[in-house]
Amino acid sequence: MLWIFTFGFLYIPNFLCALTDNECYVTSKDYFYHEGDVTIGAFFPLHILYTGNKVSHKYEPYNLQDLHIQYKFKNYQFVLALMFAIEEINRNPHLLPNTTLGYDIYNIPYTEKNILYSAFLWHTGIINPLPNCDCGHKRKSPAVLTGPSWSASAHIGTLLQLYKIPQLTFGPFDSILNDQGQFNSLYQMAPKDTSLSLAIVLLMLHFSWSWVGLMLPDDHRGTQFLSDLRENMESNGICIAFLKMIPGTWNAFSNALWKNMEKIEESSANVIVIYGDIISIQGLMRHVAQLLVTWKVWVLNSSWDIDSHSDYFMLESFHGSLIFSHHHEEMIEFMNFIQTVNPYKYPEDNYLPKFWFLFFKCPFSKFDCHLLENCQPNASLELLPRHIFDPTMSEEGYNIYNAVYAVAYSLHEINLQQTQTQPYTNEKGMVFSPWQLLPFLKTTIKKSHVRGHTVMVGGRNLNTKYDILNFWNFPSGLGLKVKVGTYSLSAHQGVHFSLCEEMIQWPTKFTKIPQSVCSESCRPGFRKAAQEGKAVCCFNCTPCAENEISNETDMDQCLKCPESHYANSEKNHCLRKSVSFLAYEEPLGMALTITALGFSVLTAVVLVVFVKHRDTPIVKANNRSLSYILLLTLFICFLSSLLFIGQPSTATCILQQTAFGILFTVALSTVLAKAITVVIAFKATVPARMVRWLMVSRAPNFIIPFCTLIQIIICGIWLVTSPPFIDQDTHAERGHIIIVCNMGSIVAFHTVLGYLCSLALGSYAMAFLSRNLPDTFNEAKFLSFSMQVFFCVWITFLPVYHSTKGKVMVSMEIFSTLASSIALLGLIFAPKCYIILLRPEKNSCIDIRHKRHSRRNIHLHLVKN
């Protein structure tokens, strides 16, 4: 086998061009036939004539003399499929007994103006045919096979339609040929491609190809396929990178085709779908082969053919292409038949000698152009390279096989009917007119006497099956079509798609599965953001927003994590939040705890100092009972801040706000009582008896329970209507659920705070009135300053408190409580402790009298002057 492939590779250009100067080789008739009782006519494109310099003929001005012949060796399988089916039927004793089938094969050129010539030649049997004349034509032809081009079938069909001659096409299904009003004697053997577009889209989805180019014939088939394919692509999120409609007039050398191919080569789409039959896209296929495009994956339907004219030894443009071909049974018998075919077995065939001459170097006789006997004894078409001749039955060959059997079964039914109605058979054999075959042919196809019968409902093929073939052509000339997958659509089982990626050989440019996308996929953690003015497949990747994730690629929208979860740093997974609160073990909680305990101890020390020096003038002069109450209240205030630290509970949430409001009410009302006491003692204008009664009865002390009662009522209403409760703050800290106390009623909290501020303002006003008293008793200055600090702390607290969350918010309330308590403790009691402990000489009655006398003398001196 090795020498065969080596021989083929070295002569690839000659094989494909099929040119030689041998007179016998370049001389070929347009028809040949094999005798039979009934012959089947067939029109196949087996060779074409073309001109190089367009030199006119000397005697026939409308003809050219520099004509060259080119054989379409791949299409010779059409002939072999016809011969194989006829021989198989002739050997079958149960089908058409006593009747042999023959064939009448005519070549049809690719030019439409000469197509009807072969049809007239077949119908009339004379070289210069005349319509409605069949002089000397003795062969019975009940039906005609045409294809693979729909246009050729349509042209021939216009003639056959006049005579009601059955016509069976073996090319791709075409909607125009399906028009019963125009072609009511034509039958298409190929199944309808109603689900081919879906099969191609499933292939794209399998490999995640979302950016695909389309090249379709500019005719009704291309338009219909585009409509079906576009619908399936859009519904599955696949975009068309470019669309080129190829006119049938473009050949491989058209300037328009060259310009379009330059744009296609530069396109970012690595996958291109080409759809069409042999005729409509032949120029495109030859052009692609010449360009040596090895960086694109071509997705093709089975009706394609390529005659490579390149001289490249190894590379080839269509290597790695994926081809969708209608599934059909493997015909092992056909391959065995191919092995037996030779020119000596079929002497009437004028194409087989060309094979033997060109590929096996068998010489022609100079007298009658017959092959000489000195040829290779084991020469066979099976030995030829696959890109020259494929011994496996093609889709078109399978349709021809089925068409011959359809005709045979129809003839058999006519024969049975004639036998029943005419017991004495005519010695001349079957007698019928071609139009009589039409109803039998229609019934035969519907009864699925032929292989590959399909179920059609509503114009759709409900039993479709495609083989997905991978074209192996590296090194160039290998030409293998390897089955790598299947697609099937069944009325009972639905859609089935399977593919074996390991068997696929990709174009030489790719070392792994090719990607064909407009934009790279957005990995988890990102979402797609459309690019303005571009297709939906073209997008930017935008990170997910805070606390949102995308756990799949190419997500359109990110998913928000539940309140109990948070997004990880990659934003591709939601993690459960941990429960947290301001704990004693935390640095902030520890610092606040130490501060609260430290100042509570300091307050207790001050209280001890005041109790110890209770009989000193400075303690007695500042209403020591009110000082004791204030110090005890501040001691409890410092300790009450610890209620805000630790895991909250319903009890602590209630105590936090009520203790805060009531304790500070007691403290501020005590300060107010102190300030009023000083005012009464030194600023009262009432008679001395009234002043003495107020001082003796200690009436200012009743301010404390009265003010506290008002705050208790406010807190009671708060607790009844909307008490504080445990709440969760899921947004304050990333990854944590902060357990906090919700105030319940913001209005009640602000009412409590407003009441405290009003007490502070009242205390400040009373203290301000007594600011010019003698220095030894001038506690009013410190009271007014402490109220200023208290008022500033809580006025500043409000905006800061409402702008923070979680632990910081709790810490702000603790800090404000401690700061205001420290202000009261430090500004009111620090000066007194300084005199008591460090300047005891000033804490005496002598010092007080001396100051009184000095101030009185100064006052009298000022009055006299």
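For beta carbons closer than 8 Å, sequence separation of 6+ or different chains, a first residue in the range 617-638 that is closer than 26 Å to Ala591 by Cβ and a second that is of a type outside the set (A, V, I, L, M) and open to solvent by 30 Å² or more (accessible area, probe 1.4 Å), the qualifying pairs are Phe638/Phe599. Pairs are defined by a Cβ separation below 6 Å, a sequence spacing of at least 6 or placement on different chains, a first member in the range 525-554 that is of a type in the set (Val, Ile, Thr), and a second member that is part of a strand (DSSP E or B); the pairs so defined are Thr542/Arg527; Thr542/Ala529; Ile549/Leu559; Ile549/Ala567; Ile549/Cys574.
Regarding Val606, is this residue modelled with pLDDT of 90 or more, assigned to a helix (DSSP H, G or I), open to solvent by less than 40 Å² (accessible area, probe 1.4 Å) and of a type in the set (Val, Ile, Thr)? Judged against the criteria, Val606 is a match. Checking each residue in the range 548-601 for being β-branched (Val, Ile, Thr) and closer than 30 Å to Thr652 by Cβ picks out Val579, Thr593, Ile594, Thr595, Val601.
Looking only at the range 171-202, count how many residues are hydroxyl-bearing (Ser, Thr, Tyr) and more than 25 Å from the chain's Cα centre (by Cα).
Here is the first cut: in the range 171-202, the ones hydroxyl-bearing (Ser, Thr, Tyr) are 175, 185, 187, 194-195, 197.
Of the ones still in play, those that are also more than 25 Å from the chain's Cα centre (by Cα) are 175, 185, 187, 194.
So the count comes out to 4.
Got a sec? Which of Ile662, Ile680 is among the β-branched types (Val, Ile, Thr), modelled with pLDDT under 80, in contact with a helix residue (DSSP H, G or I) (Cβ under 6 Å, 6 or more places away or on another chain) and open to solvent by 20 Å² or more (accessible area, probe 1.4 Å)? Steps first, answer last, please.
Values: Ile662 fails: modelled with pLDDT under 80.
From the options Ile662, Ile680, the qualifying one is Ile680.
Conditions first: (1) open to solvent by less than 50 Å² (accessible area, probe 1.4 Å); (2) assigned to a loop (DSSP other than H, G, I, E, B). Ser600 passes all but one, so which condition is the exception? For Ser600, the failing item is (2).
Out of Glu532, Glu520, one residue alone is assigned to a loop (DSSP other than H, G, I, E, B), within 21 Å of Glu265 (Cα to Cα) and of a type in the set (D, E, K, R). It is Glu520.
Criterion applied to Tyr584, Tyr566 was being open to solvent by 40 Å² or more (accessible area, probe 1.4 Å) and touching a helix residue (DSSP H, G or I) at 6+ places or on another chain (Cβ under 6 Å), and the one residue passing it is Tyr584.
Scan the range 300-316 and give yes if some residue there is buried (at least 22 other Cβ atoms within 10 Å of the Cβ), under 17 Å from Glu395 (Cα atoms) and either at pLDDT 80 or above or basic (Lys, Arg) (or both), otherwise no. Yes, the range 300-316 has at least one match.
Filtered by the rule that a residue be open to solvent by 50 Å² or more (accessible area, probe 1.4 Å) and either more than 24 Å from Leu582 (Cβ to Cβ) or of a type outside the set (Gly, Ala, Ser) (or both), the range 779-807 gives Lys781, Phe782, Phe785, Gln788, Phe791, Cys792, Ile795, Thr796, Pro799, His802, Lys805.
With respect to Ser208, determine if the residue is among the polar types (S, T, N, Q) and under 18 Å from the mean Cα position of the chain (by Cα).
Criteria met by Ser208.
Among the criteria (1) in contact with a Lys or Arg (Cβ under 8 Å, 6 or more places away or on another chain); (2) at pLDDT 70 or above; (3) within 21 Å of Gln224 (Cβ to Cβ), the one Asn270 does not fulfil is (3). Residues in the range 160-200 that are open to solvent by 10 Å² or more (accessible area, probe 1.4 Å) and of a type in the set (Asp, Glu) were compared, and the one that is modelled with the highest pLDDT is Asp179. Residues in the range 609-633 that are in a helix (DSSP H, G or I) and hydroxyl-bearing (Ser, Thr, Tyr): Ser625, Ser627, Tyr628, Thr633. Screening the range 95-115 for residues that are surrounded by 18 or more Cβ atoms within 10 Å (Cβ to Cβ) and under 14 Å from Gly157 (Cα atoms) and picking the one that is modelled with the lowest pLDDT gives Ile115. Flag: Leu592 matches the condition of being among the hydrophobic types (A, V, I, L, M, F, W, C), touching a residue at least 60 places away in the same chain (Cβ under 8 Å) and assigned to a helix (DSSP H, G or I).
If you go through the range 609-647 and keep only what is under 11 Å from Leu818 (Cα atoms), surrounded by fewer than 20 Cβ atoms within 10 Å (Cβ to Cβ) and within 60 Å of the chain's Cα centre (by Cα), you end up with just Leu642.
The values are calculated or read from the model by the stated rules, or taken from the named source; none is laboratory data. Predicted model, so just to flag it, every value in this text is computed and none were measured. Counting neighbours? That spans all protein chains shown, and the Cβs are built from the backbone with ideal geometry, glycine included. Accessible surface is based on the protein model in full, side chains and every heavy atom, while ligands, DNA and RNA are left aside. Shrake-Rupley method; radii C 1.70, N 1.55, O 1.52, S 1.80 Å.
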